[in-house]
Every structure is written in structure tokens, then in C-alpha cells.
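So the structure is just underneath, and the comments pick up after that.
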Amino acid sequence: MGQSEAVNAPTDDVGGEGEEFDPIGTLTLIGIYFAILVLAWVYIYFVEFLGRDLVVVG
């Protein structure tokens, strides 16, 4: 009884009427995170490692 009700239940469109996924915002966030990662790498590489001798902390 419960199984036939689930099969015949109407499905609703969760995304709305005719809306499509727009990946521009997602690509923008990925680009910002990538830029932060590159800037952090440049800082670590050029400022920390090339500016002075390597130091092991611990």
C-alpha cells in the first residue's frame, strides 16, 4: 500500500519554473579561492624561503 502511493505520487519541480543552473557565481568563488591560494604560495615561497635560511620549528 505504501509502495504504490510512493510510485504514483506527483513530483514537484524543486528548481522552479524554467530556471536553469547558472555557474557564474560558483566559478567566481572558485577563482577567488584559487587567487588566495596562489597569493599565499607566493608569500611563503618568496618571502619566507628565499628571504632567509630555512628554520625548523619544533
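What follows is calculated from the coordinates using simple rules that are stated; it is not laboratory data. Everything quoted here is computed from the prediction, not taken from an experiment. Positions of Cβ are generated from backbone atoms using ideal geometry, with glycine treated the same way; all protein chains shown enter the neighbour counts.
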From the phi of every residue in segment 23-39, what ³J(HN,Hα) in whole Hz does the Karplus formula 6.51 cos²θ - 1.76 cosθ + 1.60 yield, where θ is phi - 60° and glycine or proline is x? x, 5, x, 5, 5, 5, 5, 4, x, 5, 4, 5, 5, 4, 4, 5, 5
Each label point is 7 Å from the Cα along the Cα-to-Cβ direction; what then is the distance between the points at Thr26 and Ala40, in nm? 2.2 nm
